[in-house]
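One structure is given here, and the rest of the page talks about it.
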Amino acid sequence: MLGTTITLAFRAIMRHKLRSFLTTLGIIIGVAAVVTMVTLGNGATAAVREQISSLGANILQLRPGQGFGRGGGGPRPPNFKPQDVTAIENQLTGVRAVAPQAQTSATAIYEGSNWSTTVNGTTAAFFEAQQWKLDSGRLFMPEEEEAGKAVCIIGNTVRQNLFRNIDPVGKQFRIKGVSCQVIGVLTTRGQGGFQDQDDTVVMPIKFVQRRFTGDRDISMILVAVDDAYETSAVQASLEQLMRERRKIKEGDQDNFNVFDTKQISDTLTGTTTILTQIVAAVAAISLLVGGIGIMNIMLVSVTERTREIGIRLAIGAVASEVLMQFLVEAIVLSCLGGLIGLFLALIASIAIAPLMQVPFIFDVRVNLIAFLFSAAIGVVFGYFPARRAAALNPIDALRHE
Amino acid sequence: MPTDPIISLRGVTKVYGSGPTAFQALKGVDLDIARGDFVAVMGPSGSGKSTTMNILGCLDVPSAGSFLFKGHHVETLDRDQRALLRRKYLGFVFQGFNLLSRTTALENVELPLLYRGEDRKTRQEQGMAALDKVGLKPWWDHTPAELSGGQQQRVAIARAIVTQPDVLLADEPTGNLDSERSVEIMELLTDLNKNSGITVLMVTHEPEMAAFARTIVTFKDGLVEGIRKGEGN
Ligand SMILES: Nc1ncnc2c1ncn2[C@@H]1O[C@H](COP(=O)(O)OP(=O)(O)OP(=O)(O)O)[C@@H](O)[C@H]1O
Ligand SMILES: [Mg+2]
């Protein structure tokens, strides 16, 4: 019986192709919009998470100031000193590596090429903390770090722009008027927190301090937490230690801040998730409007096809069969619309994802929910017109012109 | 000729509307239709012929009186039970053909079989057989718009007889056709009556068409005025 009804529904739909298409347009657009938005949103979330996790897992970043934007005016909070690094190494438990950083921007010159980049003064712990491997060459020797030798390890972006096809290891180049020898090249890391991590020249911190910044200040300290320890516990004791060392009174605000990379990741992905949900909700409203469109056309269709209904009833269709016919017609229409919508969403997502530089992630659940939702729209908005058709009196229906 | 009545009306009345606008279309109709008969129903416009046909066709119920079909009381049945009765035992032909538009002749003829739950193969076989009976087998894939009035009416007859009903009801089946096409339809109905054993009831205004029937019932003012033998045999 159901097979028969579905056959009838398909016949009726195919008999009025244009009308059927226009009826389902609302569903098609609604489903396509919702699924595209959610798919791209998921891709964006994944992209953000990917970028941030490339900064390194379980790393605490210690910076002067009260966090992003450094609230209020007042004097600039002091940078850290080498003694702070030693204190963290010696007094904190659960720490795998501690790397001080002093940064400056600089232009590197090699033969005809020049490239402006960031010089990162640090120690070998920097690579250990971030678990960042070398592609070729070697790390700093302890005596090179101690003496602040003019040696450097370069990121892949710098290698490409400065040395092109030449193997840079062992080559000398000039940076901020100083000659420097390349001893290693880092593996590619890609985008991390909205900047190219590979665009860097890493040098011993003592060299950077002596030749470039002119003081012994440290602008950031990376603290890598041992996997066996809770990051939050280590963060708490790090904050306590720094309050003591920077002599901050009870009740006063910290003049430094500690970022947990995982926490940043969670915050950012949370934001993109909320955005995705809002956009999806707006798109879902268009789905609802699409459902009302189906009801509208089905109601018109019932009036237009009154004679047909009369013929069916006269031939011996019972009311429930007419009801089923119209209901199934509405459901088939909305399901077809849903399928077309899913297909369009697939094409749109595959096309747009690369433009947004986010990965395309096919989410089975979202597609399934959107499809079931469009079927449900067929049931809900098809029921009222169907019941109206089934309640018609056969004689009146036959006489209808 | 068999005399066992397949249809029996007793004191059937029909009132349309209610209150001051109420109109009594049938005022107590008594009528027996013998199994296998070919009956022509005649009478002036508004005399209640279509009203009676609708009741006989189980499309409508009498306001009072009894309607026995094959010995069963129909006036007590509900909507769906009457629909099942129509599906099983009755075939309809209307003045306006009433075919589904944009639907092929075969699909139109198959429709009652669909509601009976027949499978695709049976539907096609029986549908084609019915079309063959009315001489339209070669036109099976034409839609009503591609058929003449006479052909459309023959498709409608094929649809009415595809389920091999006991009774075929036709309300002015030749009302929209010229006399040549009308005679063809009457010959078809006569053939179905004689060779397929279908009881035929037909409303007509034309004495030439009524001449094909074996029994002629005349209505006047919502009552049966007279019953006489026709020229058919
Ligand atoms: N649905 C209805 N509501 C109100 N009155 C009706 C309805 N159907 C028929 N009538 C009235 O009942 C009377 C009988 O109508 P009916 O259709 O049975 O006549 P008829 O004999 O078939 O006439 P005709 O030869 O013109 O077809 C007419 O006066 C008509 O106006
Ligand atoms: Mg009439």
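Quick notes
- Relative contact order of chain A, pairs being alpha-carbon contacts under 8 Å that are 6 or more residues apart, as %: 30
- Centre separation in Å (Cα based) which lies between segment A:330-390 and segment B:137-200: 46
- Nearest-ten-degree value, helix A:82-91 long axis tilted from longest Cα axis of chain A: 70
- Neighbour counting of Cβ atoms within 10 Å sorts the residues A:ARG387, A:ARG159, fewest neighbours leading, into A:ARG387, A:ARG159.
- Each other residue within a Cβ distance under 9 Å of B:THR51 adds +1 if Lys or Arg and -1 if Asp or Glu, for a net charge of +1.
- Choice from A:PRO354, A:PRO385, A:PRO204 showing the highest fluctuation, given a GNM over chain A with Cα pairs closer than 10 Å: A:PRO354
- Here the label points at B:ALA145 and B:ALA211, each 7 Å from Cα along the C-beta direction, are separated by 3.9 nm in the simple model.
- Exposure proxy order (Cβ contacts within 10 Å, fewest to most) of A:ARG174, B:ARG228: B:ARG228, A:ARG174
- Using the Cβ-Cβ distance between A:GLN277 and B:LEU84 with R0 set to 56 Å, the FRET efficiency works out to roughly 0.60.
- Taking amide H positions as modeled 1.01 Å from N, with prolines and chain starts lacking one, no residue 5 or more places away or on another chain lies under 5 Å from A:ASN79.
- Shown for A:THR93, A:THR306, A:THR123: other C-beta atoms within 10 Å of each C-beta, ranked fewest to most, produce the order A:THR93, A:THR306, A:THR123.
- Flagged links, alpha-carbon separation over 27 Å, of B:LYS133/B:LYS220; B:LYS49/B:LYS88; A:LYS17/B:LYS133: B:LYS133/B:LYS220; A:LYS17/B:LYS133
- Within 10 Å of the Cβ of each residue in A:307-313, the mean number of Cβ atoms contributed by other protein chains is 5.
- Label-point separation, A:ASN165 to A:ILE6 (7 Å along Cα→Cβ), nm: 6.2
- Sequence-distant residues sharing a close amide H with A:GLY65 (under 5 Å, placed H): A:PHE256, A:ASN257
- Between A:ASP252 and A:ASP226, the FRET efficiency from the beta-carbon distance, with R0 = 30 Å, is close to 0.50.
- For segment A:108-159 versus segment A:233-271, the gap between their alpha-carbon centres in whole angstrom: 29
- Taking amide H as placed 1.01 Å from N in the peptide plane, A:VAL151 has its amide H under 5 Å from the amide H of A:GLN181, each at least 5 places away in sequence or on another chain.
- Taking Cα atoms only, the orientation of helix A:261-304 departs from the longest principal axis of chain A by about 10 degrees.
- Each Lys or Arg adds one and each Asp or Glu subtracts one; over the other residues with Cβ under 12 Å from the Cβ of B:ARG116, this totals 0.
- A straight chain from A:THR187 to A:ARG15 at 0.36 nm per residue would run longer than the Cα-Cα distance by 55.7 nm.
- Positive-pole candidate from A:GLN253, A:VAL302, A:ILE264, dipole of segment A:245-304, charges at beta carbon: A:GLN253
- The residues packed around B:PHE67, meaning those with a beta-carbon under 9 Å from its beta-carbon, carry a net charge of 0 if Lys and Arg are +1 and Asp and Glu are -1.
- Whether segment B:5-229 is rounded, prolate or oblate, judged on the alpha carbon gyration tensor where a/c under 1.5 counts as rounded: prolate
- With Cα atoms defining each centre, segment B:20-94 and segment A:196-223 are spaced 103 Å apart in the structure.
- Loop GluC sites (Glu not before Pro), segment A:181-268, which have at most 12 other Cβ atoms in a 10 Å radius of their Cβ (DSSP): A:GLU230, A:GLU250
- Estimated FRET transfer efficiency (A:SER320, A:GLU50; beta-carbon r; R0 51 Å; 0.05): 0.40
- Cα gyration tensor, the protein assembly as shown - rounded (a/c under 1.5), prolate or oblate: prolate
- Crossing angle, helix A:364-390 versus chain A [Cα axis fit, 0-90 degrees, rounded to tens]: 20
- Taking chain A as a Gaussian network of alpha-carbon nodes connected by springs under 10 Å, the highest mean-square fluctuation of the residues A:LEU40, A:LEU92, A:LEU222 belongs to A:LEU92.
- For segment B:84-137, the set of trypsin sites (Lys or Arg not before Pro) satisfying both a DSSP loop assignment and a count of at most 16 other C-beta atoms within 10 Å is given as B:ARG102.
Rule-based calculations on the coordinates, nothing more; no lab input. Given the structure is predicted, the values throughout are model-derived calculations rather than measurements. All Cβ positions, even for glycine, are placed from backbone atoms using ideal geometry, and neighbour counts span all protein chains on display.
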